[in-house]
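Trainee: One structure coming up, written as structure tokens, with questions to follow.
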Amino acid sequence: MASYRQNIQIWKFGGHPAEYSDLYDLTVSGQKTASSYWFAEDEYDMDSLDQAGDRSIMLDNLDQPTREVLLVTDKVIVEKFSDISVETAYANGEGNRTVADWQRIFGDFWKKYLPTVGLEFSEDGLVVTEFFHVEEE
């Protein structure tokens, strides 16, 4: 593993470990240049969100990683689920990259996942999207 790992956050994309490798491949190929998460899921306030220039590591597998990539944050935005932008949907790189498909994919996931962590899905819920680029492979 690379030497830049010290004191850098490791990203955990996807809701199921089987998805990590697919999301990793989308990221390395350049198709995925953003990741979105439910704001209330993390114990953050607006001031503690990642900032442009922050660095993080994405692994291909959390349990037994064989590949990693260094990501640099370009910007972070917060939007209502119901108001997700075309830019957010496209940059997440999943499905057909439209807003409707993004809302279906992420909505289905959060409707199942959020109750398991004591949260509730809402069309008015806040979504944080971090846009990034790959610095090293």
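Coordinate-derived values only; no laboratory data. Only a predicted model underlies this, so the values are computations on that prediction, with no experimental measurement involved. FYI the Cβ positions are ideal-geometry reconstructions off the backbone, even for glycines, and counts take in every protein chain you see.
Trainee: Stretched out fully, how many nm does the piece from residue 75 to residue 105 gain, at 0.36 nm a residue minus the Cα gap? All intermediate terms of the calculation are to be shown ahead of the outcome.
Mentor: Numbers: separation 30, 0.36 × 30 = 10.80 nm, distance 2.26 nm.
Stretched out fully, the residue 75 to residue 105 stretch lengthens by 8.5 nm.
Trainee: Could I ask something else about it? Under the rule a/c < 1.5 gives rounded, and otherwise a/b versus b/c splits prolate from oblate, where does segment 38-107 land using the Cα gyration tensor? Walk me through the numbers before you get to the answer.
Mentor: On the way: a/c = 1.77, a/b = 1.23, b/c = 1.44.
Oblate is the answer for segment 38-107, as a/c is 1.5 or above yet b/c matches or exceeds a/b.
Trainee: To the nearest 0.05, what FRET efficiency results for residue 51 and residue 29 with a Förster distance of 22 Å applied to their C-beta separation?
Mentor: Working: r = 26 Å, r/R0 = 1.17.
Here the calculated transfer efficiency is 0.30.
Trainee: Could you give me the percent of Cα pairs per 10 Å distance bin for segment 3-136, shortest bin first, beginning at zero and ending with the bin that holds the maximum distance?
Mentor: Bins of 10 Å from zero give 12, 44, 39, 6, 0 percent of pairs.
Trainee: Something else now. At 222 nm, what value in deg cm²/dmol follows for the chain if DSSP H runs of at least 4 each add -39500 (n - 2.57) and the sum is divided by all its residues, to the nearest 500?
Mentor: Working: 3 runs with 35 residues, N = 137.
The helix contribution divided over the chain gives -8000 deg cm²/dmol.
Trainee: In whole Hz and in residue order, list the ³J(HN,Hα) couplings for segment 100-112 that follow from phi through the Karplus curve 6.51 cos²θ - 1.76 cosθ + 1.60, θ = phi - 60°; x for Gly and Pro.
Mentor: My calculation for segment 100-112 gives 4, 5, 4, 5, 5, 4, 6, x, 4, 4, 5, 5, 7 Hz in order.
Trainee: Read phi for every residue in segment 25-32 and hand back ³J(HN,Hα) as whole Hz from Karplus 6.51 cos²θ - 1.76 cosθ + 1.60, θ = phi - 60°, with x for Gly and Pro.
Mentor: So the J values, rounded to whole Hz, are 4, 4, 5, 5, 6, x, 6, 9.
Trainee: Please work out the FRET efficiency for the pair residue 87 and residue 61, using the Cβ-Cβ distance as r and a Förster radius of 22 Å; give the result to the nearest 0.05. List each step's numbers first, then the result.
Mentor: On the way: r = 29 Å, r/R0 = 1.32.
Taking R0 as 22 Å, the efficiency between residue 87 and residue 61 is 0.15.
Trainee: Return the sequence-ordered ³J(HN,Hα) values of segment 51-68 in whole Hz as given by the Karplus equation 6.51 cos²θ - 1.76 cosθ + 1.60 applied to θ = phi - 60°, using x for Gly and Pro.
Mentor: 10, 4, x, 5, 10, 8, 10, 10, 9, 7, 7, 6, 7, 9, x, 10, 9, 8
Trainee: Another question about this same structure. Could you tell me the calculated FRET efficiency between residue 116 and residue 22, based on Cβ-Cβ distance and R0 = 22 angstrom, to the nearest 0.05?
Mentor: On the way: r = 22 Å, r/R0 = 0.98.
FRET efficiency, residue 116 to residue 22: 0.55.
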